[in-house]
Structures are given as C-alpha cells and as structure tokens.
Amino acid sequence: MKKNIPLAIVMIGGLVWVLWVFIPHKILSEDFINNFYLPWIYVQAPFGVILGVMSLVMMHTAKIQRKAPKWQFSFFALGGLLITCIAGFGWGTQNGSPMMWMFTNMQMPMSSTMFALLAFYIASAAYKAFRARSPEATVLLLAAIVVMLAQVPLGLKVSKHLPDISQWILDVPNNAAKRGILLGIGLGGVATSLKILLGIERSYLGGGE
Amino acid sequence: MNFFEKLQALDRRYIYIVVALAIIIPLMVQYNSDVVTTPPTENLYQLIDSYAGRSDRAILISFYHDAATMPELYPMEIAILRHCFERKVKVFTMTFYAAGAPIIDFAINTVKEEYPDIQSGVDYCNFGYKIMPMITALGMGDNIATAIDTDAEGRKLANLPIMKDIVNYNEMNLIIETSGSSAGGTWITYARSKFGANVAVGVTAVMAADMYPYLQSGQLIGMLTGLKGAAEYEKLVDVFAAYRDENFPQGRPFSNEILRDPSINKLINITTQTQAVFSPQEYQAFLSKYPEQAVSLDNLKEDKDGQVVFDVTKISAEQQQELGYNAWTALNKKTYNILYKFKTARIGMNAQSIAHIMIFVFILIGNIGYFVTRKKDKKV
C-alpha cells in the first residue's frame, strides 16, 4: 500500500500529460487540464517558499549557535532576508520604494561586479592556460580567436570575412555538437520518464531499495 | 630566468590591471564605431515592427534573469521597449524569476521618461512576477486574462484597455525571453509547439551557442546575442523606429538599402552631438513649423558651407525659454544626439572590442612564451 499508492499517483499524473500531448481534444486539454488539473500545481509554490525560508533560517541559526567557520556572515544573510521582507511587505516594490532603492544601489552593482569578474578570470586563463599543446587544442584556439574577434566592430577592420567564418563555425561544427548533446539528453529523458511511468525506476520513493 | 620564462611566470595582477584599463578607458572615452547588424537581430526587429499601430497584436518580454546579467541583457530590454514605445506596439512584460521583478520596473521607468504619452494598462502592461512557467505558458495559450488574472499593480487584466482585441497567442504572437540560461526552451516547448506562437530570445554571449540549434531549425524567429545583439538592436531603433521626417512622421520601415547607406552614420554617432545642421530648404521647412520663433532662430543660427548650423550648447536657458518647448525639443532632436541610456550597449561594445583584442594579445604572448620555453627545454 505504501508503495502502490504513490506509484499509482505518479503513473496517472504522468499519463495525463502524455494524453494531453497526443490527444488534442477540448475536454482533455481545456476542461480537464487547464481548468482542473493545472491550478493544483500552484499549490506547490507557497509550500516551496515556506520550505525555502525555513531551511535558510534553520541553517544559518544553527551555524551561529555552533560558531561554525565564518559564522559571522550568517548574520548578514539573516539580516538581508529580514530587511528585504520588511521593505517589500511594508512599502511594495514600485519605483521610489526602499526595496527599489536597495535593488538599484546594492543588489545591481554587487551582482554585476560578481559577473564582471569573469572578464578578469578569462583574460588570466587565456594567458596562462590557453596553449596550442596539441592539434585539437590548436583548432580550439583558432576557433576561439576567430569567433572572439568577429564579435566586435574592430574584427571587421581585421578582415571583412571574419564574420562569415565565425558564423560557419557556430552554424556547422558548434551546432553539430550541440544537437548531438541535445538528442542525447532528450533520449535519456524519455527513457527515464518511461521507466518512472512504468514503475521500473522507483528510487524517488526512497527507502534505500 | 630569461625574458620568455619571465613572461610565462607573469603575476596575474598585472593581467588584471591591463584588463581593467582596457575596459574602463573605452567606457569613459567614447568613440564612434559601426556595429554590423545580423539576420537574427533584423528578423526580430522586423517582426516587432510589423505590429506597429495594431490593436490586435502585442509582444511579451519575459525577463528571466537577475541583476548579475544586467550589463548584457538590460540594454536589449531597453532597446526593445524603446522600439515598442516609438512605434506604438503593445507590450507585455513578466518574469518567472523573483529577482527579475524590479528589473522590469527599472527598465519600463527608464524608457518611459522619454515617452510621456505612453500609459500603463493602455500601451503596456506589466504582469510582474509569476510562478510556474509551464502552467502560465500553457494557460496563456487558452486565455491570457484568465491565466494571469491581475497585473503587477493588482488590476484585473480583463478590465484593462490594452486587453481589447488581445485574447491569447493568436494576438500576443511574439514572446521574447531575455535570460542568462536556456530558459527560452520553455516557450519553444509549450507556446510554440502547442500554440504556434513566435519565440525569440535575448541571451548572454556565453549562452548563444546553446540556442543556435533552435535558431537554425526556425523554432526561434530571432536572437539577440549578448551585448553585440543589444548594440545591433539599438542601431536599428535609431535608424528606423526613432527616425522622423516629413515622409515618415512615425518612424520608417526596415530596409537593407538604408542600412548600407552612409547617410545613416549621422544617426548612429555615440559621441555627444551638439550641432543641428539644416540644408537651406530644411531650415525653411523648420521655420514654417515655428513661425513665431523665426526671429530668435535667425539670431541663433550660423552659416557654415552653405548649411544652417545651430550649436545647442551655445543656447542659454533664457534663449531656450524664448524658443519654447516644442521648437527647442525639435532643434535638439536635429542634432541626432543619442541619450546615454539608449547607447549603453554600443559604448559597451567599444570596451568589449578592446578587451577582446587584449585577450587575443594575451593568448599570443602566452603561446610565444610557451613555444620558446619548450624549444629551449628540448635542447637541454
């Protein structure tokens, strides 16, 4: 019973989607899926928020109590959560609100700074590690240089053919590799989904079997 | 340790300093450079432009990112919003990412400052943060007002004037997902394959390679690739949507011939433009529009090489008042000076040009050092 009921729920829930894709009928797609089935999924979201907040608070509180390494930073995480909640619930998120002020003056510059660090790491890695050690590495190096230069206006001044060569690299070898990966992921996803639907794959039920 | 060995062991901090300077200097010292537009950008521009002035067509921009990827994605969003506001295209915005909600407000408010006639609920509508992408994408295929219910300001969607003639993807026929991931796949899977909606993406440059298969297969009708895509779109908006003359009082349609015409260079200069230049005929036409300001304008003009020239920096506050808001704005517009917020991607591209060249030089020097050292080691 403990296993059969969850297995039946998963099978029926999954099969509904399969039917929805293959039988485009009004009763199934509109009356059942859109009006009855989908609204149930919204129930997940509030539970997700509660779970997330609880998990964050419990983890950082425990860290502070145990005086774990770098426990002082947990005060910032909890403080950030509290202040953001007060600002959002108290004054909303419209232009001119404290929330928007924090977003434009704190979150935006800090997040952008973190992302911008990538440029420094790329330049450093390009200098220290991007070597033509083998024929494969040389091809990769040349492709990277062509695509990189073709992306910027100065590249056109180097050669007017650079954008065409770059586009060919992106359209042919890049797409071939990407399609191979996507097909592999897709087939793997279908196989795993079928195993779950047919009750062959049961590891999600837990129990260590 | 010889020169090449020293090069191999160069401290990272020197590289960081060079990169910082290569980026900061071009950002501060602007120069004009042309960005060649590509078909994925042009296709997206043309589809949006085809909805101009139509009450039964709209686009949806989904902001699926946080502040970290703003430097690349935000200029795209600004350029697309500006295009929509210039050409009166109904635009909806939303996000499935909680941190994306303030970015929508920030983007709309930034563009709206220049378009006082544009109204929320009439010309644009922000759905705000919504959960569950799959359900929302599917629900909108049936009925947008039912799937979304209320907008970010808590107004019932069905009651808003913008919803007149808009029901589902048949009318809101273009979805643009701006993200630093391959999240655009959600729209391809649910909105395109099930309902036939047009889907386009604006992605960070590192994610572009992932989206090329969809672009080549036609599942994406267009794609803006990183800062370059944003710069291309900014240029198209300047050349076509924001262009005004006697024949095209509401902007002009896209044309490859115009893009190749050198005369557009004056429309896309990103350095500060201070001179309004008129041919004698253009000046007469301008005077006929503002006959009461004719004396003031004649006093302010200069004649240079048979052209009538106004240097707007030399016009004092009192003289501006004398001209009146409309004439002064029209004169300013004739300088073709582009506001900073509408050219950030192109300024960024200048910095990126230098940075890319710099990285290329680093790779070259690093490899020269590597080969010389390896040759020496082999000899030993």
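No lab work stands behind these numbers, since they all come straight from the coordinates. The structure displayed is predicted, hence computed values, not measured ones. Glycine also receives a Cβ, built like all others from the backbone with ideal geometry; neighbour counts cover every protein chain displayed.
Summary of computed values
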read-out	value
Neighbours by Cβ (under 6 Å, 6+ apart or cross-chain): first from region B:353-365, within 21 Å of residue B:33 (Cα to Cα); second buried (at least 20 other Cβ atoms within 10 Å of the Cβ) and of a type in the set (D, E, K, R)	none
Within region A:1-112, helices (runs of 4 or more DSSP H) holding 1 or more residues that are closer than 25 Å to residue B:145 by Cα and out of contact with any Phe, Trp or Tyr (no Cβ under 8 Å at 6 or more places or on another chain)	A:4-22, A:38-41, A:44-66
Residues of region B:332-355 satisfying the condition of being at the interface with chain A (Cβ under 10 Å from one of its Cβ atoms) and either hydrophobic (A, V, I, L, M, F, W, C) or out of contact with any Phe, Trp or Tyr (no Cβ under 9 Å at 6 or more places or on another chain) (or both)	B:346, B:349, B:351, B:352, B:353, B:354, B:355
Region A:132-154 - residue that is surrounded by fewer than 17 Cβ atoms within 10 Å (Cβ to Cβ) and of a type outside the set (A, V, I, L, M) and, of those, nearest to the other protein chains (Cβ to nearest Cβ)	A:133
Condition check for residue A:114: surrounded by 14 or more Cβ atoms within 10 Å (Cβ to Cβ), without any contact (Cβ under 8 Å) to a residue 24 or more places away in the chain and facing another protein chain (nearest Cβ under 9 Å)	no
Residue B:239 in contact (Cβ under 8 Å) with a residue 12 or more places away in the chain and not in a loop (DSSP other than H, G, I, E, B)	yes
Index of the failed condition, residue A:100 passing every other in (1) farther than 28 Å from residue B:35 by Cα; (2) more than 9 Å from chain B (Cβ to nearest Cβ); (3) of a type outside the set (Ser, Thr, Tyr); (4) buried (at least 18 other Cβ atoms within 10 Å of the Cβ)	(2)
Single residue of B:167, B:122 found to be aliphatic (A, V, I, L, M) and in contact with a Pro (Cβ under 8 Å, 6 or more places away or on another chain)	B:122
Flag if residue B:23 is within 14 Å of chain A (Cβ to nearest Cβ), over 23 Å from residue B:269 (Cα atoms), touching a helix residue (DSSP H, G or I) at 6+ places or on another chain (Cβ under 8 Å) and in a helix (DSSP H, G or I)	no
Pairs, first in contact (Cβ under 8 Å) with a residue 24 or more places away in the chain in region B:180-200, second charged (D, E, K, R), C-beta under 7 Å, six or more apart	B:182/B:210; B:183/B:177; B:184/B:177; B:187/B:177; B:199/B:192
Selection from region A:155-168 of residues that are buried (at least 17 other Cβ atoms within 10 Å of the Cβ) and either within 10 Å of chain B (Cβ to nearest Cβ) or closer than 14 Å to residue B:361 by Cβ (or both)	A:155, A:156, A:163
So residue A:182, is it surrounded by 14 or more Cβ atoms within 10 Å (Cβ to Cβ) and either of a type in the set (Phe, Trp, Tyr) or within 26 Å of the chain's Cα centre (by Cα) (or both)	yes
Residue count, region B:113-146 (criterion: more than 10 Å from chain A (Cβ to nearest Cβ) and either part of a helix (DSSP H, G or I) or within 21 Å of the chain's Cα centre (by Cα) (or both))	17
Condition met for residue B:158 (of a type in the set (A, V, I, L, M), outside any strand (DSSP E or B) and under 30 Å from residue A:91 (Cα atoms))	yes
Residue in region B:222-242 that is surrounded by fewer than 16 Cβ atoms within 10 Å (Cβ to Cβ) and away from chain A (no Cβ under 14 Å) present	no
Number of the condition not met by residue B:88 [criteria: (1) over 25 Å from residue A:110 (Cβ atoms); (2) charged (D, E, K, R); (3) in contact with a strand residue (DSSP E or B) (Cβ under 9 Å, 6 or more places away or on another chain)]	(3)
Lone unmet requirement of (1) at the interface with chain B (Cβ under 10 Å from one of its Cβ atoms); (2) assigned to a loop (DSSP other than H, G, I, E, B) for residue A:200	(1)
Selection count where residues are more than 8 Å from chain A (Cβ to nearest Cβ) and farther than 10 Å from residue B:355 by Cα, scope region B:26-37	7
